[in-house]
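Notes follow the structure.
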Amino acid sequence: MTVQKPSKRFINFFNDVEILSEPYGVVLVIGPWNYPLYLCLAPLIGAIAAGNCTILKPSELAPATSNFLASRLTEYVDNDCVYVIQGGMDETKTILSEKFDYIFFTGSTTVGRIVYQAAAQHLTPTTLELGGKSPTYLDDSVDIDQATRRIMWGKIMNSGQTCISPDYLLCTAETQNEFLRSASKILMEFFGNKPFPSDLSKIVTEKHFKRCMKFIENKEISIGGQGSDKENIMRPTILTNVKTTDPIMSEEIFGPILPIVIVENCDEAIRYIKEHEKPLALYVFSRNKKVQNKFLRETSSGSVSINDTMMQIVTENLPFGGVGFSGVGSYHGKFSFDTFSHKKSVLKTPMNNFTEVLLQCRYPPYSQRKMDCIRCITKKRKGISLKYLKTMIIFFLALVLLVSL
């Protein structure tokens, strides 16, 4: 990695200042089950690019992918630098008892707390890519069919088993009616009349399927609600007349269910969002720039996507990560390299008599003249950059010397 040369102040005029990116050492990457290949390889690539040795722990809930990674990675990477450990919760706890130089975890907030506590025992720096309830705000200024198509695509992707999936919808009662009309039409476009089309992703386990079906028991189902326990498949489902005290509003859904919460306006929507934990993503569907900027200024979230869903995660020049309850740290693209690198500050000072004379003012005893000198050199100045000033002084001195000859 190229050494970074940051700008410097007058006090560092004769110093060379640098920032070196050095690997942490041995990194532990713990992957999830919902995108088991991508969410293992993406942080692994960043860790390797930064020069770290890495232990990869895939999810036991995706055994085929875990086996694939364990067998194939050994063929293509240096086995002294990358090692895959398979297993369940017991193996993970054993791994976490060891000391690592960096830990990268993707998964639920519940398990994230366990990882964070284990890392704290060794003061190990950690990135936590968690989740949370990502809200979507929809107003009547947008084309309702376009907005609904984008919202429902984000909701049905991987059957809602995505950390940045739209978790619930905030809109007025009038907008809700238009949204339901549009959603019914668009879901028919997506899947037709087939009860469980092949384009629908399965819920990962029977346990998670039952959890999703439990959410909609005795609730007002406006669209969908059907499920197949033989295949762990659930139709995209929209709930109305949802109470904020309902269980579905207190935990991340991670399934193809979209509850609608009625609000009077964007101010009430913002108040509702701020009353809850900071989400991993926030979606705002509005053509009104004032409304867009209001959400940007007055809410906090890992990312914000305006008039679309999910696409921020595939934009490599944007850092991806949470804030507060939804995560710690970020990665993707160059930000992955930065995450897995320690930024080491380096200052180089010449060892010669000329420099030593200039440094005399910092040594005691401190006379009034020395104090005036210190104030002078520490004063922040405006004007020509020091990046070029040193070169100009050398050029000027060389010119004077040439003329004198």
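For the subset of the range 82-103 comprising residues that are within 21 Å of A49 (Cβ to Cβ) and of a type in the set (S, T, Y), which member is modelled with the lowest pLDDT? So, considering only residues that are within 21 Å of A49 (Cβ to Cβ) and of a type in the set (S, T, Y), the one modelled with the lowest pLDDT is Y83. Restricting attention to the range 289-296, does a residue exist that is touching a Gly at 6+ places or on another chain (Cβ under 8 Å) and over 30 Å from N15 (Cα atoms)? Looking through the range 289-296, none of the residues is touching a Gly at 6+ places or on another chain (Cβ under 8 Å) and over 30 Å from N15 (Cα atoms). Residues that are closer than 23 Å to K99 by Cα and surrounded by fewer than 20 Cβ atoms within 10 Å (Cβ to Cβ) within the range 56-67 comprise just one, E60. Only a single item in (1) touching a Pro at 6+ places or on another chain (Cβ under 7 Å); (2) within 26 Å of N12 (Cα to Cα) is not met by S345, and it is number (1). In this entry, Y283 is excluded by the filter for residues that are part of a helix (DSSP H, G or I) and of a type in the set (S, T, Y).
Put simply, of S71, S59, S21 the only residue that is of a type in the set (S, T, Y) and within 24 Å of V314 (Cβ to Cβ) is S59. Within the range 297-310, not a single residue is within 12 Å of the chain's Cα centre (by Cα), in a loop (DSSP other than H, G, I, E, B) and at pLDDT below 95.
For A70, indicate whether it is within 20 Å of E98 (Cβ to Cβ), surrounded by 15 or more Cβ atoms within 10 Å (Cβ to Cβ) and without any contact (Cβ under 8 Å) to a residue 24 or more places away in the chain. Judged against the criteria, A70 is a match.
When only residues in the range 1-28 that are assigned to a loop (DSSP other than H, G, I, E, B), of a type outside the set (A, V, I, L, M, F, W, C) and farther than 21 Å from A119 by Cβ count, which is farthest from the chain's Cα centre (by Cα)?
N15
Go over the candidates S286, S341, S326, S305 one by one and state the one that is in contact (Cβ under 8 Å) with a residue 24 or more places away in the chain and under 20 Å from S21 (Cα atoms). When all the criteria are applied, what remains is S341. Taken together, the residues in the range 1-26 that are within 17 Å of F354 (Cα to Cα) and β-branched (V, I, T) amount to 1. Taken over the range 29-47, the criterion of being surrounded by 20 or more Cβ atoms within 10 Å (Cβ to Cβ) and either part of a helix (DSSP H, G or I) or in contact with a strand residue (DSSP E or B) (Cβ under 8 Å, 6 or more places away or on another chain) (or both) is satisfied by V29, I30, G31, P32, L39, C40, A42, P43, L44, G46, A47.
Quick grid of which residues meet (1) touching a helix residue (DSSP H, G or I) at 6+ places or on another chain (Cβ under 8 Å); (2) part of a loop (DSSP other than H, G, I, E, B); (3) surrounded by 21 or more Cβ atoms within 10 Å (Cβ to Cβ):
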| residue | (1), (2), (3) |
| --- | --- |
| T244 | yes, yes, no |
| E251 | no, yes, no |
| F254 | yes, yes, yes |
| P259 | yes, no, yes |
| E264 | no, yes, no |
| E268 | no, no, no |
| Y272 | no, no, no |
| E277 | yes, yes, no |
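Residues in the range 338-372 that are touching a strand residue (DSSP E or B) at 6+ places or on another chain (Cβ under 7 Å) and in a helix (DSSP H, G or I): 1 in all. If you check K194 against the conditions, is it modelled with pLDDT under 95 and under 30 Å from V291 (Cβ atoms)? No; evaluated as a whole, the condition is false for this residue.
Could you please let me know if I233 is aliphatic (A, V, I, L, M), under 17 Å from L169 (Cβ atoms), in the same structural domain as K155 (by TED's automatic domain parsing) and surrounded by 13 or more Cβ atoms within 10 Å (Cβ to Cβ)? It is false that I233 is aliphatic (A, V, I, L, M), under 17 Å from L169 (Cβ atoms), in the same structural domain as K155 (by TED's automatic domain parsing) and surrounded by 13 or more Cβ atoms within 10 Å (Cβ to Cβ). The number of residues in the range 207-261 that are touching a residue at least 24 places away in the same chain (Cβ under 8 Å), of a type in the set (G, A, S) and more than 21 Å from E277 (Cβ to Cβ) comes to 3. Within this structure, V291 passes the test of being modelled with pLDDT of 95 or more, assigned by TED's automatic domain parsing to the domain that holds K155 and farther than 30 Å from F340 by Cβ. Given the conditions (1) touching a helix residue (DSSP H, G or I) at 6+ places or on another chain (Cβ under 6 Å); (2) farther than 17 Å from T148 by Cα; (3) among the small types (G, A, S), which single one is not true for S198? Failing condition for S198: (1).
The values are calculated or read from the model by the stated rules, or taken from the named source; none is laboratory data. Note that this is a predicted model, so its numbers are computed, not measured. Methodologically, a virtual Cβ is constructed for each residue, glycine included, from the backbone with ideal geometry; neighbour enumeration extends over all protein chains shown.
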